[in-house]
Amino acid sequence: MASAAEQLAANMSLGSFSKATELHKRLWFTLGALIIYRLGTYVPVPGIDASVMAGLMTRAGGGLLGMFDMFTGGALRRMTVFALAIMPYISASIIIQLMTSAVPALETLKKEGDSGRMKLNQYTRYLTVLIAIFQAYGVAIGLESQNGAVLNPGFFFRLTCVVTLVGGTVFLMWIGEQITARGVGNGSSLIIMAGIVANLPNSVASLLELGRTGGISGAAIFMFAAMAAGVIAFVVFMESAQRRVLVQYPKRQVGNKVYGGDSTHMPLKVNVSGVIPPIFASSLLVIPGGIASLAANHGYGWATTISSLLGRGTILYLTLYAALIIFFTFFYTAVVFNPEETAENLKKNGGFIPGIRPGSATAEYFDRVLGRLSFIGAGYLVLVVLVPEIMMEHYNTSFYLGGTSLMIIVSVTMDTVTQVQSHLLAHQYEGLIRKNRGKSRLK
């Protein structure tokens, strides 16, 4: 008689997918939400000359503004209601998570379960609004400093710009949460990926046009294609790589029956933090560069120096980028995986790692293994992000062809596909249970 797992594997087909109506609803909801997001990236902020803004982005788009424009899906270049995108929400999430480790009251909330998590999410939303107001006001002041960018400068334009941009960010934050709850995949990550994917064809066309006009050699184009294929393959390999920890459960006798004595494996991903470190590092790196650029427009000499030092491809830029990626790799791994809690749960369930004493010794073992995995994961992220970055700076190509964008696309796609498979398996389990109940009733 086939096992339940074998029956599920045999039934995993297009036919089973067509019967998963709940999964269909989730997929359509996700697609609809992303379409609404992309439509919003073409709704302009009132009172701005779009041609002047496009020229400004063309002149400065190769630096940190270009990176920010990549995360906004081109909305910043067009100066639309989603020009800030979901980046203030990501910045707020970083700050709240950092404070959770430093502030005892927030750490207590984190341990309270669902109620504590809801309060932390509420604090993140409030902080998102504050950050968005600050950034929107900075954008309004920066636009007014550009000749001809604003049709009617003044208080009313600043107010309109702030309200519009903050409203766009809050709306995107809400859409992201709805996708996570009612759709498939992580809403924030899917929104960022949708913006990158939407502008990727234009970047490829621009690269081919450079090759046609002689601006870049055919060998360089082939090298970019090989690099993209290599990055995608490497990301798929590393995101699938696991360290499998053997867990043993002792035998125990209840009456005449013997239970336990089984062994299983606890899979620990090599890159536990996923695509979060590059996104967090990019969002934080944009802040000092944006402030310096804004101050430089007002004639501050020191700001011009900082802006040039933080330019794309500079030693300081690459060093800070790598340092932030490494920091967030270790930090986020510590946030999502608690060695003490995991060791305690194993002890309660009677499980143990062969050769390791239960309790604190097991927690120390997990901590040691995670440290090594995080070291490998951080090195992988830095390599994938910075090597293409150096090549792009040398050939002056778009951010959309870089390691960060490719890694976001691949990682988010893999995560979304995994969730689709999970929903499909859940549907298969429900069908199998109903079938077995029907057989038992006939008997």
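The values are calculated or read from the model by the stated rules, or taken from the named source; none is laboratory data. As the structure is a prediction and not an experimental result, all values here were calculated from the model. Here Cβ is always computed from backbone atoms with ideal geometry, including for glycine, and neighbour counts include all displayed protein chains. These area figures cover heavy atoms from the full protein model, side chains too; ligands, DNA and RNA do not enter into them. Shrake-Rupley method; radii C 1.70, N 1.55, O 1.52, S 1.80 Å.
Go through (1) at negative phi; (2) out of contact with any helix residue (DSSP H, G or I) (no Cβ under 7 Å at 6 or more places or on another chain) for GLN97 and report which single condition fails.
Among (1) at negative phi; (2) out of contact with any helix residue (DSSP H, G or I) (no Cβ under 7 Å at 6 or more places or on another chain), GLN97 violates only (2).
Would you mind stating whether GLU112 is of a type in the set (D, E, K, R), open to solvent by 40 Å² or more (accessible area, probe 1.4 Å), modelled with pLDDT under 85 and assigned to a helix (DSSP H, G or I)?
no
Filter the range 335-354 down to residues that are assigned to a loop (DSSP other than H, G, I, E, B) and within 28 Å of ALA102 (Cα to Cα) and give me whichever is most open to solvent (accessible area, probe 1.4 Å).
ASN338
Could you list all residues from the range 378-433 that are among the hydroxyl-bearing types (Ser, Thr, Tyr), closer than 30 Å to MET57 by Cα and at pLDDT below 75? Spell out the reasoning first.
To start, the set of residues in the range 378-433 that are among the hydroxyl-bearing types (Ser, Thr, Tyr) comprises 380, 395, 397-398, 400, 404-405, 411, 413, 416, 418, 422, 429.
Narrowing the set further to residues that are closer than 30 Å to MET57 by Cα leaves 395, 397-398, 400, 404-405, 411, 413.
Of everything in the range 378-433, those that are among the hydroxyl-bearing types (Ser, Thr, Tyr), closer than 30 Å to MET57 by Cα and at pLDDT below 75 turn out to be TYR395, THR397, SER398, TYR400.
In this structure, does VAL163 turn out to be open to solvent by 10 Å² or more (accessible area, probe 1.4 Å), more than 22 Å from the chain's Cα centre (by Cα) and over 30 Å from LEU406 (Cβ atoms)?
Details: open to solvent by 10 Å² or more (accessible area, probe 1.4 Å): yes; more than 22 Å from the chain's Cα centre (by Cα): yes; over 30 Å from LEU406 (Cβ atoms): yes.
In short, yes.
Please give the number of the condition ARG182 fails out of (1) open to solvent by 20 Å² or more (accessible area, probe 1.4 Å); (2) within 21 Å of LYS25 (Cα to Cα); (3) modelled with pLDDT of 90 or more; (4) touching a Gly at 6+ places or on another chain (Cβ under 9 Å).
(4)
Given the criteria crowded, with 21+ Cβ neighbours inside 10 Å and either out of contact with any Cys (no Cβ under 7 Å at 6 or more places or on another chain) or modelled with pLDDT under 80 (or both), does GLY176 qualify?
The answer is yes for GLY176.
Scanning the range 260-283 for residues that are assigned to a helix (DSSP H, G or I) and β-branched (Val, Ile, Thr), which turns out least open to solvent (accessible area, probe 1.4 Å)?
ILE279
Which one of VAL184, VAL162 is more than 30 Å from ILE390 (Cβ to Cβ) and free of Cβ contacts under 8 Å to residues at least 40 places away in the same chain?
Numbers: VAL184 fails: free of Cβ contacts under 8 Å to residues at least 40 places away in the same chain.
None of the other options fit; the residue is VAL162.
Answer yes if at least one residue in the range 198-217 is touching an Asp or Glu at 6+ places or on another chain (Cβ under 9 Å), assigned to a helix (DSSP H, G or I) and in contact (Cβ under 8 Å) with a residue 60 or more places away in the chain, and no otherwise. Walk me through it before giving the result.
Applying the first criterion (touching an Asp or Glu at 6+ places or on another chain (Cβ under 9 Å)) to the range 198-217 yields 199, 215.
Retained after the next criterion (residues that are assigned to a helix (DSSP H, G or I)): 199.
Cutting the leftovers down to in contact (Cβ under 8 Å) with a residue 60 or more places away in the chain gives us 199.
For the range 198-217, residues touching an Asp or Glu at 6+ places or on another chain (Cβ under 9 Å), assigned to a helix (DSSP H, G or I) and in contact (Cβ under 8 Å) with a residue 60 or more places away in the chain: present.
Mind counting the residues in the range 139-159 that are in contact (Cβ under 8 Å) with a residue 60 or more places away in the chain, surrounded by 16 or more Cβ atoms within 10 Å (Cβ to Cβ) and part of a helix (DSSP H, G or I)?
Adding up the residues that qualify gives 3.
Here are ARG372, ARG357: which of them is modelled with pLDDT of 85 or more, loosely packed, with under 15 Cβ neighbours inside 10 Å and assigned to a helix (DSSP H, G or I)?
ARG372
Among the candidates LEU130, LEU76, LEU39, single out the residue that is open to solvent by 60 Å² or more (accessible area, probe 1.4 Å), over 24 Å from PHE331 (Cβ atoms), assigned to a helix (DSSP H, G or I) and not charged (D, E, K, R).
LEU39
Looking only at the range 116-127, count how many residues are open to solvent by 50 Å² or more (accessible area, probe 1.4 Å) and hydrophobic (A, V, I, L, M, F, W, C). Explain how you work it out, then say what you get.
In the first step, residues of the range 116-127 are kept if they are open to solvent by 50 Å² or more (accessible area, probe 1.4 Å); the result is 117-119, 121-123, 125-126.
Retained after the next criterion (residues that are hydrophobic (A, V, I, L, M, F, W, C)): 118.
Of the residues in that region, 1 qualify.
All but one of (1) modelled with pLDDT of 85 or more; (2) touching a Leu at 6+ places or on another chain (Cβ under 9 Å); (3) of a type outside the set (Ser, Thr, Tyr) hold for ALA363; state the number of the condition that does not hold.
(2)
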